[in-house]
1. Under 18 Å from the Cα of B:LYS146, which aspartates and glutamates turn up, not counting those fewer than eight places away in the same chain?
2. Helix A:596-605 sits at what angle to the longest principal axis of chain A, using alpha carbons and giving 0 to 90 degrees rounded to 10?
3. Rounded if a/c is under 1.5, else prolate if a/b is larger than b/c, else oblate: which is the range B:167-264, with a ≥ b ≥ c the root eigenvalues of its Cα gyration tensor?
4. Considering only protein heavy atoms, with the full assembly of protein chains and a 1.4 angstrom probe, order A:ARG511, B:ARG100 by accessible area, largest first.
5. What figure, in Å² to the nearest 10, do you get for the accessible area of A:TRP429 with a 1.4 Å probe and non-protein molecules left out?
6. If you add up the charges near B:ASN120, with Lys and Arg at +1 and Asp and Glu at -1, over every other residue whose beta carbon is less than 15 angstrom from its beta carbon, what do you get?
7. Based on alpha-carbon atoms only, what is the radius of gyration of the range A:443-521 relative to the globular estimate 2.2 N^0.38 Å?
8. Using the Kirkwood radius over C-alpha pairs as Rh, can you work out the diffusion coefficient of the range B:255-310 via Stokes-Einstein at 25 °C, viscosity 0.890 mPa s, in µm² per second?
Amino acid sequence: MPEAQATLATPNSTEPHRDTIHQLDRVVIRFAGDSGDGMQLTGSRFTQESAAFGNDLSTLPNFPAEIRAPQGTLPGVSSFQVHFADHNVLTPGDAPGVLVAMNPAALKANLADLAAGATIIVDTHDFTSRALKRIGYEENPLEDGTLDAYSVHAFDLTGLTVEAVKDFGLTRKDAARAKNMFALGLLSWMYSRPVESTLTFLERRFASSPQIRDANIAALKTGWNFGETTEAFAVKFEVKPAPMAPGTYRNITGNTALAYGLIAGSTQSGLPLFLGSYPITPASDILHELSKHKQFGVTTFQAEDEIAGVGAALGASFGGALGVTTTSGPGIALKAETIGLAVMLELPMVVVNVQRGGPSTGLPTKTEQADLLQAMFGRNGESPLPIIAPQSPADCFDAAVEAARIAVTYRTPVMLLSDGMLANGSEPWRIPELADLPRIDPDFATSPNHVNADGGPEFWPYLRDEQTLARPWALPGTAGLEHRIGGLEKADGHGNISYDPANHDHMVRIRQAKVERVAESLPPLQVDDPHGDAKLLVLGWGSTYGPIGAAVREVRDQGYAVAQAHLRHLNPFPKDLGTLLKRYEKVLVPEMNLGQLSLLLRAKYLVDVAGYNQVRGLPLRASELADAILQLVEPAGSGQNLTKESIG
Amino acid sequence: MTSTRLPFPGLRDVPASEAPQSRKDYTSDQEVRWCPGCGDYAVLAAVQGFLPELGLKRENIVFISGIGCSSRFPYYLDTFGMHSIHGRAPAIATGLATSRPDLSVWVVTGDGDALSIGGNHLIHALRRNVNMTILLFNNRIYGLTKGQYSPTSESGKITKSSPKGSPDSPLNPVSLALGAEASFVARTIDSDRQHLTSVLSAATAHRGTSLVEIYQNCPIFNDGAFDAVKNPETKADAVIPLVHGEPIRFGPKGEDGLGIRGIVRDPLSGSLRVVDVADVGADRILVHDAHAADPTTAFALSRLTGSGHLTQAPIGIFRSVERQTYDDVAREQVRSASEGITDRSTALDNLLHSGDTWTVV
Ligand code: SF4
């Protein structure tokens, strides 16, 4: 498992001496503490520093569904993992090589995930026997040998922080709250991170409360100096910048990128953006982000419920806006009937599902990709719609633009399947040139398109474009194009209600055919098969792109040939997918569900794909996936069967 | 005939027609398919008569309906229209009205559609006060699904789904609307064309959500539900007319030419009750104030509607007050945020480059 081992150059080298700098190619750090300890902020600042330094990186926040679960408990632990490297990074990392634990619960909750021999930096302040008992530690794990296999730095981080900020006149509680900045300062020193951007950040964030600002800055600097002056931290590390394509970069989360992509879809089409949304984890940040950008003609409507969110978006689409609704799986269940109406009305709409663990309320803050079949089939009747998925946080931008393009061009609701990992995870994003984005032409109907029996002009709302099969989009306010649409079946062409059996059969087929036409506009699938000699294709979709890429890299490093392809479009599939599948002897489909894409592929192409399936609420582990791939590429006889857990 | 009373506040941004219009302009080529004698015909005729009088550009009028007999309404009007899904019309109309101030947006709904499956959307549309007019056809029965009791059916009603009598208690749509902070609430009757038209006129003039409850007879499944307020013989006793600025009097006419009965406020409980005017004196009779900021009296008036088989009901405009509208505020936020932005692409480029960026050469 080279991914994990590369982080193991731990600081307990035999003869530490001052100013030793060890070069590492990659590091995975997890910051963990109570949900009130500011671990998300600490992690994202460290990320920002690493990005500014030029590393490639990937992050994974992990927090409880409760806003403030009881302090010091295991359910209350919140963590933020960052993987940074001097090369292209694909995942947030399987096993952290460094854990920063701000209390006993954070230590206990994360210990099992660590790489062998990992470094643990732990705040001893709360290691009282009462606190330990509360989470099921009979003995103090710092003293009973539990951590013998790790390199442990245990000290009273809270106490040191309180001492460092004592001159600022804060209450003890407020003073202690700066401990996350102490930890950030120490880690920034250890990994040679520049802290300037964090200093600027603190100055801005706490501009209105100078005492707190100064205390946080002091804590940050004290943490840095603590590393420099304390014998225990004799070694610091460096991870050189990663080579990256020229351009301007920023770090971005999936939800922010998705919001920006929707705005870009609006500017590229010239349609005002109307978001109808009801708050739901993990999609709410898209609502928050868009509500900040009204200057782009963005209207955000916080609806009374999920149904009203999608209803209002559809109403706005009828009026000529780019109607968008954002939610997570439970919300899609509620919106299903209105999405079906949009299929029937053939109006553009973007439906974003930031998938989370299900079914029902499931795991609100965890990731999963088990809503693919819901997106495909979760409506009554034959109700097809295009489905697309982003593959990384930054890719959410392009996926949103693509969703808008398909929705507007084909007059159809489009389902965009993000997930919790993409939503909250982040990575460096090369900011695109707007000129490179597709132009989206709403091509509104402006005049009658048909002649009635008396030779007079009339408007037929279901007279289709021959190429796209899209119907005309005639906005209220356009004289002469008055028409009525609705959920009842319409006759193709003139659009009046029709109960005619032949017409219904025709309309069902034409709605399906229209969605299939989207495939005509798609580029050929990209297949990564460096020598063209692979017998196994690993095919994925959505956020598994990173783990699959890392696993494939690992397998190739061991000398085996394996091909990789990733689907952006899940309905319709790209036209060349069938041929591609048949080109390989074996196809492995890793998914964070029980085999939903596998099911679709088997049904459509009659190809016996194998699944690799985990539904743990967490991203797939690259190293485990690599093991599964190795079983399929090793010479025959050495195990054609997948492990029990991986059979889908 | 055009009465050019435009612009009403409720139609401030809706363009007026240059040419005079007639009822024919608003009649679509679709065959009307309600049951013979259905009250919906009368309402359709009233609306088709009223719209040309209103004189808006026909293409700027949109009717959105849900599901139910009355929700077929948009098909019969030659405007823009959407026959949507059960209960959701107010939500769909909210999106449309918010993004298009130049449209006159109407919702057509029924008692099942608006008060049962769509109750949530109705109350939230009312509290937001989005600029639109909601016509709630109340026939106190499910017609399209062939005769089950509805959320306005009286308790104990025998229907297909309640052979032993409905165990439900009914909602009073006017009370509900007032409780939901509605800024305009009225009640009218399908067969009273003149009253219906005057209420429609006031409802469209109003800026914000106007809720108009229309007592609508369903001759097939609930015939005679509103006979008390329609029958010339009982109507004088059953209809409590609400006219802004006038004392609330009804019943056979007395010497002063007004009804012999009236509404007074009980000084102890504050609630309203019916009295013989002769017993208390005409000057003690409540004068209707539809513009009162406090909805308490309007609510008390709504409670004079019986909840069982209808014998008495106030008819008219219960409440009409000016209040902030959601869509005006939402659009103003967008407008003011957009001030000074001449080129959205440049602004977008700046947004994408905001925050901490770095350049790789
Ligand atoms: S069932 Fe009743 S409400 Fe429906 S169309 Fe017939 S008469 Fe009218």
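1. Straight-line reach from B:LYS146, under 18 Å: B:ASP40, B:ASP111, B:ASP113, B:GLU154, B:ASP223.
2. The helix A:596-605 is inclined about 40 degrees to chain A.
3. Cα axes put the range B:167-264 in the oblate bin.
4. From most exposed to least exposed: B:ARG100, A:ARG511.
5. 20 Å²
6. -2
7. With N residues counted in the range A:443-521, Rg over 2.2 N^0.38 Å equals 1.14.
8. The calculation lands on 196 µm²/s.
The values are calculated or read from the model by the stated rules, or taken from the named source; none is laboratory data. Predicted model only: the values in this text are computed from it and were never measured. Quick reminder, even Gly has a Cβ in these numbers, built from the backbone with ideal geometry, and neighbours come from all protein chains shown. Keep in mind that these areas ignore ligands, DNA and RNA; they rest on the heavy atoms of the full protein, side chains included. Shrake-Rupley method; radii C 1.70, N 1.55, O 1.52, S 1.80 Å.
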